[in-house]
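Participant: Attaching a single structure in structure tokens format; questions to follow.
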Amino acid sequence: MVGSIWRRMFPRRKAKVTPRRTAAARPPAPASTAAAPATSHAATDAPSLAQIDERFHRLVLGLPPASQDEPQPVEAALLRRLELLGARFDLRSLPRLPTVLPQLLRTLKSDEAAGAELAKLVGRDPLMVGEVMRATSTVFYRSAQPIGSLQQAVVLLGQDGLRRVITQHVMKPILQGNTGSMGHAAGGRLWGHAERCAHACAWLGRTTGCDAFEAYLAGIVRHAGTGAVVRLLDQLMPGATPPPLSAAFVRHCARLAAQLSLQAARQWELPARVLGALAECQGEVSAASSPLGRALAVADSVASLSLLVESGELPADSELAHSWPGVMPPAVLARCQRDLGQHFTATLDNA
């Protein structure tokens, strides 16, 4: 049932943009594994992808900075217990899909669905109503006349916009539904990253020939497993102040989180290209990777940098334009970073 739901939500569409061809280059390591090769054009103080990824995971996992990269003696036992808990993690504990979702998506499958019919279905879920009205209050959707009804909001969003709102409605409680002493802050940060990653992935996906909704969905679920790692660490260190664990420990947590994200996406039976992109992001993403894999890896780093800047972890002028040689042209990456900054600055200012 879940698989059929997601297939209705994200039907196969032919890409309207021809994938960009890039010159062969040494594949840069993704943010989750290693820093990308330095280039003579990059700013000397620009953070590496590895630094961005480590700082992002420390921020989300609630871990303090470490003074060295090598694992500490206490970490070996902690990692073994973390792996054991990760292997036993029950993905069925994640929040279920809203009961109204199957009927709503069946209706959205029809291009002739009436606004009144869609509004009636949305109205059965109070949380979804709130998400729809919030979305139409943003600068992107704001109309000349005030929105006076749910039906007006649904018509203003359109089917594509409504699909995006539904995706957010499904994923937001999953990413924010962490428990334990670290859960509340981590959940908010994960959702902040997911919104940015989805926006950036859809934006970059237009340049690589990706399906817009598959790109958006891939960005939303990129770190779905990171919340699970937050809960696992909280079980291992309940109520305790985490020690200054090494960069190697953080990288291990990031790899486990990526594995759990892919496992969760498979359980939800997400589209094959989304699963493929999530799998690619567990290794080295290069010019030979799929269009969606490239867009997702780059969007992940752009979103992480944005969140770190907003949190005061990195300077506001940090940039990534030259961080993905052979994967994403610097000019495209720079425009994406600017677009993300402008979009979320406007969103915050008008919230």
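The values are calculated or read from the model by the stated rules, or taken from the named source; none is laboratory data. What you see is a predicted model, and the numbers here were worked out from it, not measured in a lab. Cβ sites come from the backbone with ideal geometry, for glycine too, and all protein chains shown count toward neighbours. Remember, those area values only see protein heavy atoms, side chains included, never the ligands or the DNA or RNA. Shrake-Rupley method; radii C 1.70, N 1.55, O 1.52, S 1.80 Å.
Participant: Once the piece of chain linking Ser149 and Asp90 is laid out straight, how much longer is it, given 0.36 nm per residue of separation minus the C-alpha distance between them?
Facilitator: Value of the extension gain: 17.2 nm.
Participant: Using a 1.4 angstrom probe and counting only protein chains, how large is the accessible area of Ile147 in Å², to 10?
Facilitator: Surface accessible to solvent at Ile147 totals approximately 50 Å².
Participant: Scale the Cα Rg of segment 225-317 by the rule-of-thumb value 2.2 N^0.38 Å and send over the ratio, two decimals.
Facilitator: Output field value: 1.25.
Participant: Give me the accessible area per residue for segment 227-279, probe 1.4 Å, as a whole number in Å².
Facilitator: 35
Participant: Using only C-alpha atoms and all pairs of different ones, pull out the Kirkwood radius for segment 274-351 in Å with one decimal.
Facilitator: 13.3
Participant: Could you pull the Cα extents of segment 182-273 along its three principal axes, largest to smallest, in whole Å?
Facilitator: Projected onto the principal axes, the Cα atoms of segment 182-273 cover 46, 25, 24 Å.
Participant: Just the accessible area for Trp203, please: 1.4 Å probe, Å², rounded to the nearest 10?
Facilitator: About 40 Å², rounded to the nearest 10.
Participant: Can you sort Glu214, Glu310 by 1.4 Å-probe accessible area, starting with the largest?
Facilitator: Glu310, Glu214
Participant: OK, next. Separation between the Arg266 and Thr241 pseudo-spin-labels, each 7 Å from Cα along Cα→Cβ, expressed in nm?
Facilitator: It works out to 4.1 nm between the two label points.
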